[in-house]
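Each value in this text was obtained by applying a stated rule to the coordinates, not by laboratory testing. Keep in mind it's a predicted model, so treat the numbers as computed, not measured. Note that each Cβ is placed from the backbone with ideal geometry, even for glycine, and that neighbours are counted across all protein chains shown.
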Amino acid sequence: MDAERERLDERERHERAAAIAGRLLANVETVVHGKTREIKLVLAALASQGHVLFEDVPGTAKTVLARAVAQSIDGAVHARIQCTPDLQPTDATGLSVYNQKLRDFEFRPGPIFANVLLVDEINRAMPKTQSALLEAMAERQVTIDGVTRRLPEPFLLLATENPIEHEGTFPLPEAQLDRFFLRTGLGYPALHDEQRIVREQRGGHPLGRLQPVVTVADVLELEAAVEGVYVDELLEAWLIGLVRATRELDEVAIGASVRGSLALERAARAWALLDGRDYVTPEDVEELFLPVIGHRIIFAPGFLVEMRRIGREAALARFRDACFARVPRPDPEGGEVVTLPARRP
């Protein structure tokens, strides 16, 4: 009886979390049109306590997306950092200043103390400023003047970089790239979506009319619900095998680390939850492999030449296919591969 009650309670928690994710997605889509997959990737990172790197040209609604996510959460604080070469670490984290009235130092928090932080053109900041974000991204805290301060929960960092400008930029080191949960881009909207955007903004930006649909407590419940999504052992082994395959390809100089396996497994669980399921399927892993793993790879010089020749997207697709060719996909229909259960037993 107790076990049955526990299963019912777990199912109810899952349905409630899926409803929270659905409200968030629908609300953000009212201002960011035609980008359902990209919004879902951001929400998957939010539910997984991860961070997102957008590599895209200016004017593709990256700032709008960040603000829409923040405004959809009642009580959430949104902040933005515009990176420039003269940006100092304390400009992001905050600093202690002397208060003459109190005759003591007091801490003034920087914009990093927000629930949703947009770091615009992160590759324009100097390496020491980029490094100041590492502790915040990995441990959700910052240490200033020897004092460690926790960041608010939830904490989602969305960073952008422009792939077509290189003058005055500082490429992100591999250690920081590996801290990003996933990398994606928004791209230009389709014709009908762009027409809709133009019409809607004649009377002001729709962000001004966007209302919150969930609370901070709801988002924390969403994060907790990801833990309860079921991953079959066979699917888990396949997922890890795919990440390990990145370390064996000739096209790769350094493959994805264990952090990549952890991120891909958690992202797949979050993606399943966003789809209203309490179990992960092979399609979830296939959908998320490149966004989660692609930026964690250091490619061999020869493959970089090939990437410049055929284009980044085509080269990454070829890399993905090579990884999947090395590891047999679990087959729900059975056959030579052991049968993968479709859902939690």
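When shorter helices are ignored and each DSSP H run of at least 4 residues is given -39500 (n - 2.57), the per-residue value for the chain at 222 nm works out to -14500 deg cm²/dmol. When the chain is treated as a GNM with alpha-carbon contacts under 10 Å, the residue of VAL252, VAL64, VAL147 showing the greatest mean-square fluctuation is VAL147. Here the gap between HIS192 and LEU95, fully extended at 0.36 nm per residue and compared with their Cα-Cα distance, gives a gain of 30.2 nm.
How fast does region 195-249 diffuse by Stokes-Einstein, in µm²/s, taking the Kirkwood radius from C-alpha pairs at 10 °C and 1.306 mPa s? Result for D is 99 µm²/s. Considering only ALA314, ALA237, VAL327, the residue lying farthest towards the positive end of the dipole of the chain is ALA314, judged by Cα position with unit charges set on Cβ. Note on the chain: with a GNM built from Cα contacts shorter than 10 Å, the maximum mean-square fluctuation among ALA47, ALA70, ALA315 falls on ALA315. The charge dipole of the chain, taken about its Cα centre with unit charges on the Cβ of Lys, Arg, Asp and Glu (plus for the first two, minus for the last two), comes to roughly 900 debye.
Remark: C-alpha extents of region 230-345 on the principal axes read 47, 31, 24 Å, sorted largest to smallest. Here LYS35 is the anchor, and the lysines within straight C-alpha reach of less than 27 Å, apart from those fewer than 8 places off in the same chain, are LYS62. Taking region 237-257 and a reference point 7 angstrom along Cα→Cβ of ALA300, the backbone N atoms nearer than 16 Å belong to 245-256.
Sorted ascending by nearby beta carbons within 10 Å, beginning with the fewest, ARG309, ARG329 become ARG309, ARG329.
Ranked for footprinting exposure by Cβ neighbours inside 10 Å, fewest first, VAL280, VAL285, VAL327, VAL198 give VAL198, VAL327, VAL285, VAL280. Relative to the Cα centre, the charge distribution of region 230-345, modelled as +1 at Lys and Arg Cβ and -1 at Asp and Glu Cβ, gives a dipole magnitude of about 520 debye.
Oblate is the label for region 66-172, because the ratio a/c of its alpha-carbon gyration tensor axes (a ≥ b ≥ c) is 1.5 or higher and a/b is not greater than b/c. Note on TYR279, TYR230: ascending count of other Cβ atoms within 10 Å places them as TYR230, TYR279, the fewest first. Could you give the distance between the Cα centres of region 232-259 and region 23-51, to the whole Å? About 27 Å separates the Cα centre of region 232-259 from the one of region 23-51. State whether region 139-294 is rounded, prolate or oblate according to the following rule on the C-alpha gyration tensor (a ≥ b ≥ c being the square roots of its eigenvalues): a/c under 1.5 gives rounded; otherwise a/b larger than b/c gives prolate, and the remaining case gives oblate. It is rounded, given that a/c, with a ≥ b ≥ c, falls under 1.5. As a length-normalised measure over Cα pairs under 8 Å and 6 or more apart, the relative contact order of the chain settles at 21 percent.
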